[in-house]
Amino acid sequence: SRNKNKNLMKLPTWSGLFRMSLTFLLVTLSFILFKSDSISNALLFYKKIFSISLFSLPELYFLKTVLTAFVLGAAMIIVEWVQRDKEFGLQIDGIKQKHVRWLIYYTIVFVIMFFGVFENNQFIYFNF
């Protein structure tokens with residue numbers, strides 16, 4: 001059990017980190033194709049992303065939003081990393097205290113309700 005906990009906290013190798021980053025980049029860039037109205041709009045978006053402005057510092061008008069997204073994103077990555085040997089990231093059956101598990105569940109529901117976007121938008125796959 002002690003050896004198992006030691007392996008959970010083990011950081012990825014450089015090649016593993018590169019593969020994870022590459023997968024994230026490719027999936028993120030492919031989302032543009034699914035969200036775009038047309039291929040030409042997607043190509044225009046790619047052109048703007050990879051323009052010379054990529055190497056300039058961004059103007060952070062919404063610093064609070066950026067920090068919130070960073071903190072929540074980091075929390076998701078940490079949970080997924082720690083729980084990587086489980087079938088689901090939120091499989092917390094190892095926590096025996098029922099009140100702690102329910103606190104975690106209620107916190108997740110609160111975060112979804114607080115930060116979620118619940119507009120009446122058309123499902124993106126209906127564009128195809």
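Each label point was placed 7 Å from the Cα along the Cα-to-Cβ direction; for residue 85 and residue 32 their separation is 3.9 nm. Taking 53, 30 and ordering them by how much accessible surface each has at a 1.4 Å probe, largest first, produces 53, 30.
Please report, as a whole percent, how much of the solvent-accessible surface of the chain comes from carbon and sulfur atoms (probe radius 1.4 Å). The partial results should precede the final answer.
On the way: 8460 of 11970 Å².
Carbon-and-sulfur percentage of accessible area, whole number: 71.
Volume of the convex hull of the stretch 72-111 (Cα atoms only), normalised per residue: 65 Å³. Solvent-accessible area per residue in the chain equals 94 Å², computed with a 1.4 angstrom probe and all protein chains kept. The aspartates and glutamates whose alpha-carbon is closer than 19 Å to the alpha-carbon of residue 48, local same-chain residues fewer than 8 away aside, are 37, 59. Helices in the chain that qualify as membrane-span-like (whole DSSP H runs, Cα extent of at least 24 Å along the helix axis, mean Kyte-Doolittle hydropathy of 1.6 or higher) are 63-82.
Only lysines eight or more places from residue 10 in sequence, or on another chain, were considered; those with a Cα closer than 29 Å are 86, 96, 98.
Determine the dipole magnitude for the chain: charges of +1 sit on the beta-carbon of Lys and Arg, -1 on that of Asp and Glu, nothing else is charged, the reference point is the Cα centre, and the result goes in debye to the nearest 20.
640 debye
Sorting 101, 19, 84 by accessible area puts them as 19, 84, 101; the probe is 1.4 Å, largest comes first, and only protein heavy atoms count. Could you give the Stokes-Einstein D for the chain in µm² per second, using the C-alpha Kirkwood radius, 25 °C, 0.890 mPa s? The diffusion coefficient I find is 131 µm²/s.
The values are calculated or read from the model by the stated rules, or taken from the named source; none is laboratory data. Here the structure is a predicted model, which means the values were calculated and not measured. Note that each Cβ is placed from the backbone with ideal geometry, even for glycine, and that neighbours are counted across all protein chains shown. To get the accessible areas, we keep the full protein, side chains included, count just its heavy atoms, and leave off ligands, DNA and RNA. Shrake-Rupley method; radii C 1.70, N 1.55, O 1.52, S 1.80 Å.
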